[in-house]
Amino acid sequence: GAGVSQSPSNKVTEKGKDVELRCDPISGHTALYWYRQSLGQGLEFLIYFQGNSAPDKSGLPSDRFSAERTGGSVSTLTIQRTQQEDSAVYLCASSLVSDNSPLHFGNGTRLTVT
Amino acid sequence: KQEVTQIPAALSVPEGENLVLNCSFTDSAIYNLQWFRQDPGKGLTSLLLIQSSQREQTSGRLNASLDKSSGRSTLYIAASQPGDSATYLCAVSSRGTSGSRLTFGEGTQLTVNP
């Protein structure tokens with residue numbers, strides 16, 4: 001596609017439920033990143049994929065968060081047993097190669113945990 | 001640990017003014033620095049990317065400079081327009097981190113009044 005696509009654009013879920021967020025990167029982009037933007041805070045790095053492997057998971061806030069990438073393309077971020085503090089905009093970005101390439105962001109998924 | 005600071009946090013100017021947004025970072029070992037624009041409810045749009053070996057980049061009415069040794073960058077917007085109203089984010093890609101993992105500042109919220 002022309003840009004990074006994320007779905008759903010909005011998700012409201014009840015505390016304790018699991019959610020899956022999807023990211024379709026730009027075709028041919030080998031690097032994929034997940035970031036989180038909480039209200040009134042800056043962007044927080046979550047995880048980085050190079051191809052299907054995740055050499056840097058250091059930003060995942062707890063073991064309730066996991067992510068995978070298949071076929072070097074689509075990525076899914078899963079949050080288990082959601083908590084109210086998980087409410088945020090989850091942004092996905094991709095880049096052509098891993099180093100020194102500009103990142104292209106999707107419009108994000110706004111997650112609200114009630 | 002890389003830290004990025006942006007000043008001012010908010011700026012309101014009349015249409016037509018030239019303005020400067022400031023960004024500073026603590027670790028000068030960077031691959032590049034990117035300026036992004038974020039409109040409400042949207043993802044990030046990359047404006048300019050400056051490689052660590054470069055001093056500035058220009059795109060239309062935008063000019064970004066980089067002084068790596070002092071840990072500073074500025075984004076200059078000429079002849080501002082109401083359509084420039086948005087949050088502007090500065091981000092650095094640091095050496096020694098995975099891929100193009102970016103550290104973001106908290107942004108400058110710009111309002112250009114007609």
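The values are calculated or read from the model by the stated rules, or taken from the named source; none is laboratory data. The structure displayed is predicted, hence computed values, not measured ones. For neighbour counting, all protein chains shown are included, and Cβ atoms are generated from backbone atoms with ideal geometry for every residue, glycine included. Only protein heavy atoms, including side chains, enter the accessible area calculation; ligands, DNA and RNA are left aside. Shrake-Rupley method; radii C 1.70, N 1.55, O 1.52, S 1.80 Å.
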When restricted to B:T45, B:T58, B:T26, B:T103, the only residue β-branched (V, I, T), under 22 Å from A:Y48 (Cβ atoms) and without any contact (Cβ under 8 Å) to a residue 40 or more places away in the chain is B:T45
Of the conditions (1) more than 10 Å from every other protein chain (Cβ to nearest Cβ); (2) in contact (Cβ under 8 Å) with a residue 40 or more places away in the chain; (3) farther than 18 Å from B:Q38 by Cβ; (4) more than 10 Å from the chain's Cα centre (by Cα), the single one that A:S5 does not satisfy is (3)
Note on the stretch A:76-95: residues in a strand (DSSP E or B) and either away from chain B (no Cβ under 14 Å) or in contact with a Pro (Cβ under 6 Å, 6 or more places away or on another chain) (or both) are A:T76, A:L77, A:T78, A:I79, A:S94
By residue number, the members of the stretch A:10-30 that are closer than 17 Å to A:H104 by Cβ and either without any contact (Cβ under 8 Å) to a residue 12 or more places away in the chain or within 14 Å of chain B (Cβ to nearest Cβ) (or both) are A:C23, A:D24, A:P25, A:I26, A:H29, A:T30
A careful count of residues in the stretch A:67-79 that are crowded, with 16+ Cβ neighbours inside 10 Å and at pLDDT 95 or above gives 5
Reported set for the stretch B:63-79 where residues are within 13 Å of B:R37 (Cβ to Cβ) and touching an Asp or Glu at 6+ places or on another chain (Cβ under 9 Å) is B:A64, B:I77
The residue from A:T78, A:T112 that alone is among the polar types (S, T, N, Q) and more than 11 Å from the chain's Cα centre (by Cα) is A:T112
Filter the stretch B:62-80 for residues that are assigned to a loop (DSSP other than H, G, I, E, B) and touching a strand residue (DSSP E or B) at 6+ places or on another chain (Cβ under 6 Å); the one that is nearest to the other protein chains (Cβ to nearest Cβ) is B:G71
Of the residues in the stretch A:1-22, those that are part of a strand (DSSP E or B) and touching a Phe, Trp or Tyr at 6+ places or on another chain (Cβ under 7 Å) come to A:L21
Inset, instruction - Determine whether the stretch A:43-56 contains at least one residue that is of a type in the set (D, E), at the interface with another protein chain (Cβ under 8 Å from one of its Cβ atoms) and open to solvent by less than 70 Å² (accessible area, probe 1.4 Å). - result: yes
Per the filter on the stretch B:37-57, residues at the interface with chain A (Cβ under 8 Å from one of its Cβ atoms) and part of a strand (DSSP E or B) are B:L44, B:T45, B:S46, B:L49, B:Q51
Only unsatisfied item for B:Q2, checking (1) in a loop (DSSP other than H, G, I, E, B); (2) closer than 18 Å to A:L43 by Cβ; (3) open to solvent by 50 Å² or more (accessible area, probe 1.4 Å); (4) of a type outside the set (K, R), is (3)
Scanning the stretch B:10-54 for residues that are at pLDDT 95 or above and in contact with an Asp or Glu (Cβ under 8 Å, 6 or more places away or on another chain), the one most open to solvent (accessible area, probe 1.4 Å) turns out to be B:T26
